[in-house]
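The block underneath contains the structure these notes are about, expressed in structure tokens.
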Amino acid sequence: MLQVIMSNRRDFIRNSVLFAGAISIGSSDAFAQPPMPDHTTEGEAYWSLLRTQFPLSNNKIFLNNGTMGPSPFTVLNEVYQDMLEVDTNGRYGGHEDIAIKALARLLNSKDTEITLTRNVTEGINISCFGLPLKAGDEVILSTHEHVGNATPWLNRAKVHGIVIKAIPLGKTAEETLNIVKSAITKKTKVIALPHIPCTIGQILPVKAICALARERGIFSFVDGAHPPGMLQLDVKDIGCDMYAGCCHKWLMGPKGTGFLYVSENFRNTLQAYYGGGGFDTGWDMLSNPPVLKGYIDNGHRYYYGTQNASLFKGIAKAVEFQENIGRVRIEERVKSLATYLQDQLLHLSQDIEMLTPTEAISRGAQVSFKIKNKDVAKLQTQCNEQKITTRFVAENNINCLRISTHIYNNYKEIDTFLTEVDKFIKA
């Protein structure tokens, strides 16, 4: 027993020395990376050079950014260096402001309208349970919800007796808007729909939907898990009351980071139910009775307590990384890849059942499809064997295959995937 303990102790000391040596040798650049490509570089050469900014394995074709976006080296370095500094100097907190300012630039919002969260689901729960709803009030959702937008509202229905109405999506933006209109009744209090559903990647006409909600005196919430980092965003133009987003998908920020936008005009409508340091304007345990003086008049009203400040710094670096590329350029690139994929699939076989709309304004950077008389879950397995990562969508029995294209992808990778689809159809 003593021999095992001594052996473990020697391993611990040896590994500690090696780790300390690694830090002392290269702590200024823990993850070596090539320089960013020059903006004068054109065409595929630019995107090929940009691919080197990611640690993503060259032996893998990653077509599932809609689940998780691999971070570039610059984000990883930023988080690593700050975490090292925290544990070297015993620093507490920090970097909250730079993350908020970066996200406000991304969304075209005010700094005070941004709440830092750990994920989209947290922002949805804050919104769902903070709204002044009572038993019998109706909330419009869709039949394409991710578990993160479905279960908070279903939970509130279970707890408080609100009524959930699930609507289908149309094949065009106009059809979807008309479906929303027809679902509204005098009891409708909230429209809570995804900007881009996780299932088929369709861009919903959220600006028109939020305008409709505003006209009818209905609260508007947008599940924005996918658009940040994919599309150019302007929450003021969208006109929503609340927008919950993600930093670790298309924005390619640190994992476990997100945000909630709450319009300043809506802040005093959305009740904060969890309390902690920073959410208040003061509290007094020595008064009789003890009191909470009030809520702070910014996004910190909805989050509290100790946070991982290094992740905040990583959020800011992720936004900066995309700003250096250009948001217009990113949106054009990812949509171009997705359009190519969709067109090639439709030409590949008449057995392809395309679920993602071909209408330009409804098409983003995700393509979902089925194959007649085939189980596409088996196609996903086939792709996995070839180191091609995809996403099988089982939600709401949709049972399709979803492909996400981002800036580290290229047309050759899409062609490789198409070859696997062709093999699968002919097998």
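The values are calculated or read from the model by the stated rules, or taken from the named source; none is laboratory data. A quick note: this is a predicted structure, and the numbers were derived from the prediction, not measured. Positions of Cβ are backbone-derived with ideal geometry, glycine not excepted, and every protein chain shown enters the neighbour counts.
Laid out as a table, the results:
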{"item": "Filter result for ASN125 (free of Cβ contacts under 8 Å to residues at least 40 places away in the same chain, in contact with a Pro (Cβ under 9 Å, 6 or more places away or on another chain) and not in a strand (DSSP E or B))", "result": "yes"}
{"item": "Candidates THR115, THR67, THR74, THR121 - the one that is modelled with pLDDT of 95 or more and surrounded by fewer than 17 Cβ atoms within 10 Å (Cβ to Cβ)", "result": "THR67"}
{"item": "Unique match (being surrounded by 13 or more Cβ atoms within 10 Å (Cβ to Cβ), without any contact (Cβ under 8 Å) to a residue 60 or more places away in the chain, hydroxyl-bearing (Ser, Thr, Tyr) and under 15 Å from LEU418 (Cα atoms)) among THR339, THR358", "result": "THR339"}
{"item": "First in the stretch 277-299 and more than 19 Å from PHE266 (Cα to Cα), second anywhere and basic (Lys, Arg), Cβ under 8 Å, 6 or more apart", "result": "GLY282/LYS293; TRP283/LYS293; ASP284/LYS293"}
{"item": "Selection status of LEU154, closer than 17 Å to MET242 by Cβ and either outside the structural domain of ASN396 (by TED's automatic domain parsing) or in contact with an Asp or Glu (Cβ under 6 Å, 6 or more places away or on another chain) (or both)", "result": "no"}
{"item": "ALA45 of a type in the set (Gly, Ala, Ser) and more than 21 Å from PHE266 (Cα to Cα)", "result": "yes"}
{"item": "Pair list, Cβ under 8 Å, 6 or more apart: the stretch 94-111 residue under 13 Å from PHE312 (Cβ atoms) and without any contact (Cβ under 8 Å) to a residue 60 or more places away in the chain, other residue among the acidic types (Asp, Glu) and in a loop (DSSP other than H, G, I, E, B)", "result": "none"}
{"item": "Selection status of SER349, in contact with a Cys (Cβ under 6 Å, 6 or more places away or on another chain) and modelled with pLDDT of 95 or more", "result": "no"}
{"item": "Options LEU311, LEU292, LEU286; residue that is more than 26 Å from GLU174 (Cβ to Cβ), touching a Phe, Trp or Tyr at 6+ places or on another chain (Cβ under 9 Å) and at pLDDT 95 or above", "result": "LEU292"}
